[in-house]
Every structure is written in C-alpha cells, then in structure tokens.
Amino acid sequence: MLDSKVAKLINEQIAKEFYSAYLYLDFSIYYEAQGLDGFANWYMIQAQEERDHAMLFLKYLQLNGEKASLEAIGKPDKELDSLMAPLKAGLEHEQYVTSLINGIYNAAYEVKDFRTMQFLDWFVKEQLEEEKNADDMIKKMELFGNDSKGLYSLDAEYAARIYSAPSLVL
Ligand code: FEO
C-alpha cells in the first residue's frame with residue numbers, strides 16, 4: 001500500500017499526462033493545418049509518449065495494489081496564434097510537469113517511500129530531456145524559422161522523428 005498522499009498525487013498525474021497528450025495533439029493539429037507536416041509529426045509522437053507516461057503511472061499504482069480513479073482531462077487551452085506559440089507553450093508546460101514530478105518525489109521522500117522515489121527517477125531524467133527538446137525547438141525556430149528554406153529544413157528534420165516505446169518497463 002502506498003501512502004495516501006503519494007497515491008493521490010500519482011493518481012492525479014495520470015490525468016495530467018493525458019492532458020499533456022491532448023495538448024500536444026492540439027499542437028499537431030495546428031501545424032498540420034499550417035502545412036507543416038514535420039512539426040505535426042513531431043507533436044503526434046510527443047502525444048504518444050505522454051500517453052505512455054500516463055500508462056506507466058497507472059501501472060505503478062496497480063502494481064502497488066491501488067485502484068486508480070480517472071480524473072477529467074482538461075481542454076487544451078494554449079493560444080496558438082503563431083508558429084512559435086506552440087513551442088513556447090510546450091516549454092512552459094514541461095516546466096510545469098517537472099514541478100509536478102518534483103512534488104510527487106517530495107511527498108515520497110517525506111514518508112521514506114524509496115520504491116516510489118526509484119520509480120520517479122526515470123521521470124526526473126525524462127523531464128530534463130523534455131525541457132531540453134522544447135528549448136532546442138524554440139532556439140532553432142528563432143535561428144531558422146523566419147526564412148522559408150530554413151523552415152522547410154526544420155520541418156523535414158521533425159518529419160524524421162519516429163516513435164519508440166519508453167525505456168522504463170514495469
Ligand atoms: Fe510526460 Fe512531457 O512529460
């Protein structure tokens with residue numbers, strides 16, 4: 001059995017990760033409508049990764065004998081009014097997710113729940129990668145996005161992203 005606060009936060013994180021998937025799906029739809037299929041592909045895969053994160057939190061609860069209770073998933077609420085807007089909203093969102101992971105980690109730390117801390121280590125590392133990717137995309141857009149050839153090359157780069165299952169297996 002998990003500490004009730006830890007279990008509650010992990011349960012809430014399932015919906016937060018599905019919200020992330022929803023948000024990135026919204027970004028993908030936006031870029032697809034702009035004719036940038038590579039950016040759309042990148043965020044479609046990102047949405048799949050977020051769904052994987054949600055499923056990992058669900059499975060972890062179940063492995064610990066906890067019954068999950070699915071919360072409502074919010075409507076994506078970021079204003080997408082420029083090619084740069086989703087990229088900046090993405091970084092801001094990942095920084096928020098990092099704070100959520102840290103919050104769960106802190107709750108586990110307070111009750112000496114070493115098992116949950118070890119489980120969360122993967123997410124702590126993953127958040128570093130998520131923030132770095134989001135930051136890199138903003139920098140590349142600043143550098144190359146104002147030029148049509150540069151934008152075309154960036155789109156081609158993002159079109160090459162392929163889905164791979166998470167390295168964490170429970
Ligand atoms: Fe589930 Fe983008 O972190």
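Rule-based calculations on the coordinates, nothing more; no lab input. The model shown is predicted, which means the values in this text are computed figures rather than measured ones. So basically every Cβ, Gly included, is an ideal-geometry build from the backbone, and we count neighbours across all protein chains shown.
Determine the dipole magnitude for the chain: charges of +1 sit on the beta-carbon of Lys and Arg, -1 on that of Asp and Glu, nothing else is charged, the reference point is the Cα centre, and the result goes in debye to the nearest 20.
It works out to roughly 460 debye.
Go through 21-27, 91-97 and give me the packing order, highest mean Cβ count within 10 Å leading. The partial results should precede the final answer.
Details: 21-27: 21.0, 91-97: 16.9.
Most protected by this proxy first, the peptides run 21-27, 91-97.
Please work out the Cα center distance from region 51-85 to region 11-25, rounded to the nearest Å.
2 Å
Convex hull over the alpha-carbon atoms of region 37-124: what's its volume per residue in Å³? The partial results should precede the final answer.
Working: hull volume 10.0 nm³, N = 88.
Taking the convex hull of the Cα positions in region 37-124, it is 113 Å³ per residue.
Report the local net charge at residue 166: Lys and Arg +1, Asp and Glu -1, summed over other residues whose C-beta lies under 9 Å from its C-beta.
Working: positive: none; negative: 49, 52, 126.
The answer is -3.
Stokes-Einstein D for the chain at 4 °C, 1.567 mPa s, Kirkwood Rh over Cα pairs, in µm²/s?
On the way: Rh = 16.9 Å.
Rounded, D is 77 µm²/s.
Using the beta-carbon distance between residue 1 and residue 32 and R0 = 41 Å, what value does 1/(1 + (r/R0)^6) give for FRET efficiency, to the nearest 0.05? Can you show the working numbers first?
Numbers: r = 45 Å, r/R0 = 1.09.
Calculated transfer efficiency: 0.35.
Multiply the residue separation of residue 72 and residue 96 by 0.36 nm, subtract the distance between their alpha-carbon atoms, and state the gained length in nm to one decimal.
On the way: separation 24, 0.36 × 24 = 8.64 nm, distance 1.84 nm.
Contour length minus Cα-Cα distance gives 6.8 nm.
Students often forget the sequence filter, so: which aspartates and glutamates lie under 13 Å Cα-Cα from residue 125 once same-chain residues fewer than 8 apart are removed?
Hits, sequence-local ones excluded: 94.
Please check: in the Gaussian network model of the chain (C-alpha springs, under 10 Å), which one of 152, 31, 43 has the largest mean-square fluctuation.
Comparing 152, 31, 43 in the GNM, the peak value goes to 152.
Within 14 Å, Cβ to Cβ, of residue 150, how many net charges do the neighbouring residues add up to if Lys/Arg are +1 and Asp/Glu are -1? List each step's numbers first, then the result.
Numbers: positive: 139, 140, 149; negative: 142, 147, 155, 157.
Neighbour charge sum, excluding residue 150 itself: -1.
Only helices at least 30 Å long along their own axis, judged from Cα atoms, and with Kyte-Doolittle mean hydropathy of -0.5 or greater: name those in the chain from DSSP H. Write down the numbers at each step before the final one.
Details: long enough: 4-33 (44 Å, 0.01); 37-63 (39 Å, -0.33); 85-110 (38 Å, -0.16); 114-144 (45 Å, -0.69).
Helices passing the filter in the chain: 4-33, 37-63, 85-110.
How big is the dipole moment of region 1-71 about its Cα centre under a simple scheme where the beta carbon of each Lys and Arg is +1, that of each Asp and Glu is -1, and everything else is neutral? Debye, nearest 20, please. Could the numbers behind the result be given before it?
Details: 6 positive and 11 negative charges, 68 e Å.
That gives region 1-71 a dipole magnitude of about 320 debye.
If R₀ is 35 angstrom, what is the calculated FRET efficiency for the pair residue 85 and residue 170, using the beta carbon separation as r and rounding to 0.05?
Details: r = 35 Å, r/R0 = 1.01.
Result of the calculation: an efficiency of 0.50.
Report the extension gain between residue 109 and residue 148 in nm, rounded to one decimal, defined as 0.36 nm multiplied by the number of residues separating them, less their alpha carbon distance. Don't skip to the answer; put the middle values down first.
Values: separation 39, 0.36 × 39 = 14.04 nm, distance 4.96 nm.
Gain in length upon complete extension: 9.1 nm.
Using Cα positions and a limit of under 16 Å, work out the lysines in reach of residue 112, with same-chain residues fewer than 8 apart set aside.
Counting by Cα, and skipping residues close in sequence, residue 112 has these lysines nearby: 5.
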